[in-house]
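Structure record follows, encoded as structure tokens.
The values are calculated or read from the model by the stated rules, or taken from the named source; none is laboratory data. In this text, all values refer to a predicted model and were calculated from it rather than measured experimentally. Positions of Cβ are generated from backbone atoms using ideal geometry, with glycine treated the same way; all protein chains shown enter the neighbour counts.
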Amino acid sequence: MTEGASMLATPVHALMAAGLWSDTRGANLLDSGAPFYDTYETADARHLAVGCLEPRFFAEFARLLPLDQIFVRGQYDRNLWPQMRAAIVDRVGQKTRDDWDRLFAATDACVAPVLSLREARDHPHNRARNAFLKSGALERPAPAPRFSRSRSTLAAMPADHDCQAVTVLARFGLSESETEALFKSGALVKSGVIG
């Protein structure tokens with residue numbers, strides 16, 4: 001995972017090598033340094049993600065928010081960023097997250113609500129894509145990635161006896177008496193399914 005994360009950061013390392021990326025957090029285009037690529041608190045203490053890097057998307061964002069045209073003309077002028085950020089904070093704080101979501105939903109403004117895990121699971125896009133599947137009493141993320149010729153399936157939920165601590169730990173070579181000793185010492189607790 002570490003190597004994968006490093007690989008995904010290749011463009012950032014290239015920008016840093018070219019002198020176009022600061023190693024200081026919050027000072028760059030994609031790490032909340034730019035006011036048009038950040039997260040803002042709404043009137044209901046929820047949040048809105050703004051990611052309108054390209055001028056045409058930012059212009060749409062500015063039109064709907066609305067923002068003064070000086071910010072549209074000077075989107076990449078770092079001298080304007082403090083005032084631009086203050087204006088965005090002020091405007092976004094005037095409506096609820098869901099009000100903003102309705103306003104921006106069918107636009108190219110690159111704005112989205114920040115959802116809780118439950119809200120993300122129930123979002124129409126994730127429902128349409130079957131991103132979460134029912135498995136017994138649980139609803140859990142569907143296997144990914146998805147391939148056109150090879151279908152992935154959810155692993156079956158284990159039977160109750162397969163979830164017992166003695167059974168699980170036996171798979172790792174612990175005897176029943178060793179498992180009992182762990183219960184007695186307090187290292188294992190008998191509660192719920194795993195007990």
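Pick from segment 106-128 the residues that are outside any helix (DSSP H, G or I) and loosely packed, with under 12 Cβ neighbours inside 10 Å: which of them is nearest to the chain's Cα centre (by Cα)? Restricting to residues being outside any helix (DSSP H, G or I) and loosely packed, with under 12 Cβ neighbours inside 10 Å, the top hit is Ser116.
Would you confirm, using the coordinates I've provided, whether Val50 is touching an Asp or Glu at 6+ places or on another chain (Cβ under 9 Å) and aliphatic (A, V, I, L, M)? Yes. Select from segment 129-148 the residues that are in a loop (DSSP other than H, G, I, E, B) and hydrophobic (A, V, I, L, M, F, W, C) and list them in ascending order. Ala131, Ala137, Ala142, Ala144, Phe147 - these are the residues of segment 129-148 that are in a loop (DSSP other than H, G, I, E, B) and hydrophobic (A, V, I, L, M, F, W, C). Within segment 74-105, the set of residues being surrounded by fewer than 19 Cβ atoms within 10 Å (Cβ to Cβ), among the small types (Gly, Ala, Ser) and either touching a helix residue (DSSP H, G or I) at 6+ places or on another chain (Cβ under 7 Å) or within 19 Å of Leu29 (Cα to Cα) (or both) comprises Gly74, Ala86.
Okay, residues lined up against (1) modelled with pLDDT of 85 or more; (2) farther than 22 Å from Arg127 by Cα:
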site: Pro143; (1), (2): yes, no
site: Ser152; (1), (2): no, no
site: Asp162; (1), (2): no, yes
site: Ser177; (1), (2): yes, yes
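Quickly run through segment 46-67 and pick out the residues that are more than 15 Å from Trp81 (Cα to Cα) and in contact with a Phe, Trp or Tyr (Cβ under 6 Å, 6 or more places away or on another chain). Leu48 - this is the single residue of segment 46-67 that is more than 15 Å from Trp81 (Cα to Cα) and in contact with a Phe, Trp or Tyr (Cβ under 6 Å, 6 or more places away or on another chain).
Quick check: is even one residue across segment 7-28 under 18 Å from the mean Cα position of the chain (by Cα), loosely packed, with under 10 Cβ neighbours inside 10 Å and not assigned by TED's automatic domain parsing to the domain that holds Ile70? Among the residues of segment 7-28, at least one is under 18 Å from the mean Cα position of the chain (by Cα), loosely packed, with under 10 Cβ neighbours inside 10 Å and not assigned by TED's automatic domain parsing to the domain that holds Ile70, which makes the answer yes.
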